[in-house]
Amino acid sequence: MIFARSLAAAFVAACMLASGAASGQTYPSGPVTLVVPYPPGGATDAIARIMQDSMSQSLGQQIIIDNIGGAGGMIAAARAARAAPDGYTVLLHQVALAAGMTLYPKLAFDAEKDFVTIGLINTAASTLAARPTLPPGNIAELVKWMKAPGQNTKIAHPGVGSFGHLAGALVAEELGATVTQVPYRGAGPALNDLLAGVADVSSISAVVAGPLVTAGKIKAYAIIGRNRFAGLPDLPTLGEVGYKKLDLDFWHMLLAPAGTPRPMVDRLNAALRHALADARVRKTFEEGGMDLFPPDQQTPEAASALLKSELKLWGDVIRANNISAQ
């Protein structure tokens with residue numbers, strides 16, 4: 001009897017494996033929905049549209065972009081987490097997904113448990129920028145100025161829970177500086193007050209900051225990211241000057257609902273790699289000041305490892321600074 005049950009279980013397992021292999025071979029047989037957690041026109045939406053045609057070509061089926069905004073990207077993530085794990089729903093998300101797990105404690109999904117990662121896409125550097133009249137002339141002088149007794153640095157950011165907000169909190173923490181975080185309704189208003197000298201410091205996209213620095217309209221002291229920015233080649237990264245924890249990348253990755261069969265994940269990963277190897281796609285990313293992850297980091301495993309480390313990093317920062325989006 002025991003032998004019969006074992007034989008039956010082995011038969012069922014073999015059938016499941018065969019079914020998974022078959023589904024991987026015939027997948028996809030229809031359009032794939034790519035959920036984007038922000039409205040059209042933003043950076044994350046632009047990344048989806050840059051890759052859309054090349055991924056569609058690789059899959060042999062159309063990629064349909066579904067923009068679902070709200071709650072810092074969490075509404076889209078929740079909807080994607082609840083989707084059928086059949087390979088026909090894919091989520092494009094970024095740093096906000098990792099931060100959101102702590103910022104929004106009542107979420108109905110878990111980023112690690114309710115998704116499988118498909119692959120990493122790109123990073124984008126930011127600058128530690130300042131008003132043009134700020135006295136320090138380099139990063140060492142800036143650190144000294146920010147840590148001076150009685151100094152309270154005003155940091156402008158695009159909104160509670162944004163990358164600029166969280167990066168500013170971690171910068172203050174690592175430098176040991178006293179700061180006042182000033183929230184704005186988006187990156188544009190925050191930059192305007194930096195230009196006007198109302199705020200002292202801000203984390204500004206390197207692509208946006210580059211021309212302003214060159215024109216002398218703002219100052220930039222360092223790159224917030226793992227790599228130097230080609231548009232401002234003389235700026236060191238904060239890691240280079242001793243603050244390795246501030247090698248912060250603003251990243252994007254692809255994910256699918258947990259339970260999506262591995263053959264389908266691998267097929268989606270192959271389509272992602274196809275897009276990231278496309279000369280037209282690479283040129284567009286480069287012109288936008290974005291660095292692609294190298295091929296050995298475009299794997300589901302690398303994406304999973306990054307998500308796990310970012311969940312801890314931003315969870316610690318948010319808790320240490322009592323930040324809440326609710």
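Only one of the listed residues (Leu313, Leu292) is open to solvent by less than 60 Å² (accessible area, probe 1.4 Å), under 13 Å from Thr123 (Cα atoms) and of a type outside the set (S, T, N, Q). That residue is Leu292. For the range 234-255, state whether one or more residues are in contact (Cβ under 8 Å) with a residue 12 or more places away in the chain, part of a helix (DSSP H, G or I) and either open to solvent by less than 60 Å² (accessible area, probe 1.4 Å) or in contact with a Cys (Cβ under 9 Å, 6 or more places away or on another chain) (or both). Yes, some residue in the range 234-255 is in contact (Cβ under 8 Å) with a residue 12 or more places away in the chain, part of a helix (DSSP H, G or I) and either open to solvent by less than 60 Å² (accessible area, probe 1.4 Å) or in contact with a Cys (Cβ under 9 Å, 6 or more places away or on another chain) (or both). Being out of contact with any helix residue (DSSP H, G or I) (no Cβ under 6 Å at 6 or more places or on another chain) and closer than 28 Å to Ser324 by Cα holds for only one residue in Phe109, Phe115, and it is Phe115.
None of Lys308, Lys245, Lys283, Lys312 is within 16 Å of Phe163 (Cβ to Cβ) and of a type outside the set (Gly, Ala, Ser) except Lys245. Just checking, does the range 97-105 include any residue being of a type in the set (S, T, N, Q) and more than 23 Å from Arg319 (Cβ to Cβ)? Scanning the range 97-105, I find no residue that is of a type in the set (S, T, N, Q) and more than 23 Å from Arg319 (Cβ to Cβ), so the answer is no. Number of residues in the range 123-143 that are crowded, with 22+ Cβ neighbours inside 10 Å and part of a strand (DSSP E or B) equals 6. Restricted to the range 266-289, and to residues there that are in contact with a strand residue (DSSP E or B) (Cβ under 8 Å, 6 or more places away or on another chain) and open to solvent by 50 Å² or more (accessible area, probe 1.4 Å), the residue that is farthest from Ile63 (Cα to Cα) is Arg282. Taking (1) farther than 20 Å from Gln297 by Cα; (2) in contact with a His (Cβ under 9 Å, 6 or more places away or on another chain) in turn, Ala78 satisfies each apart from (2). Out of the residues in the range 144-163 that are under 27 Å from the mean Cα position of the chain (by Cα) and not in a strand (DSSP E or B), which is surrounded by the most Cβ atoms within 10 Å (Cβ to Cβ)? Among residues in the range 144-163 that are under 27 Å from the mean Cα position of the chain (by Cα) and not in a strand (DSSP E or B), the one surrounded by the most Cβ atoms within 10 Å (Cβ to Cβ) is Gly161. Considering only the range 174-192, I want to know if a residue exists there that is in a helix (DSSP H, G or I) and more than 28 Å from Leu97 (Cβ to Cβ). Yes, the range 174-192 contains a residue that is in a helix (DSSP H, G or I) and more than 28 Å from Leu97 (Cβ to Cβ).
Residue-by-condition table, conditions (1) among the β-branched types (Val, Ile, Thr); (2) without any contact (Cβ under 8 Å) to a residue 60 or more places away in the chain:
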residue	(1), (2)
His93	no, no
Ala96	no, no
Thr102	yes, no
Asp110	no, yes
Thr117	yes, no
Asn122	no, no
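Hand me the list of helices (runs of 4 or more DSSP H) wholly inside the range 1-92 holding 2 or more residues that are within 16 Å of Ala256 (Cα to Cα) and modelled with pLDDT of 95 or more. Working first, answer last.
On the way: elements: 2-26, 43-59, 74-82.
Of the helices (runs of 4 or more DSSP H) lying wholly inside the range 1-92, those with at least 2 residues that are within 16 Å of Ala256 (Cα to Cα) and modelled with pLDDT of 95 or more span 43-59, 74-82.
The conditions of being among the hydroxyl-bearing types (Ser, Thr, Tyr), free of Cβ contacts under 8 Å to residues at least 12 places away in the same chain and either surrounded by fewer than 21 Cβ atoms within 10 Å (Cβ to Cβ) or assigned to a helix (DSSP H, G or I) (or both) are not met by Ser304. Identify the residue in the range 168-198 that is crowded, with 24+ Cβ neighbours inside 10 Å and of a type in the set (Gly, Ala, Ser) and, among all such residues, is nearest to Ala140 (Cα to Cα). Looking at the filtered set, the residue picked out is Gly168. Just checking, does the range 128-146 include any residue being among the hydroxyl-bearing types (Ser, Thr, Tyr), over 27 Å from Thr284 (Cα atoms) and out of contact with any His (no Cβ under 8 Å at 6 or more places or on another chain)? Checked against the condition, which is being among the hydroxyl-bearing types (Ser, Thr, Tyr), over 27 Å from Thr284 (Cα atoms) and out of contact with any His (no Cβ under 8 Å at 6 or more places or on another chain), the range 128-146 yields at least one hit.
If only residues of the range 204-219 that are open to solvent by 20 Å² or more (accessible area, probe 1.4 Å) and not in a helix (DSSP H, G or I) are counted, the one that is nearest to Ala169 (Cα to Cα) is Ser205.
The values are calculated or read from the model by the stated rules, or taken from the named source; none is laboratory data. Everything quoted here is computed from the prediction, not taken from an experiment. Note that we place each Cβ from the backbone using ideal geometry, even for glycine, and neighbour counts take in every protein chain shown. Areas reflect the complete protein model, heavy atoms only, side chains present, ligands, DNA and RNA absent. Shrake-Rupley method; radii C 1.70, N 1.55, O 1.52, S 1.80 Å.
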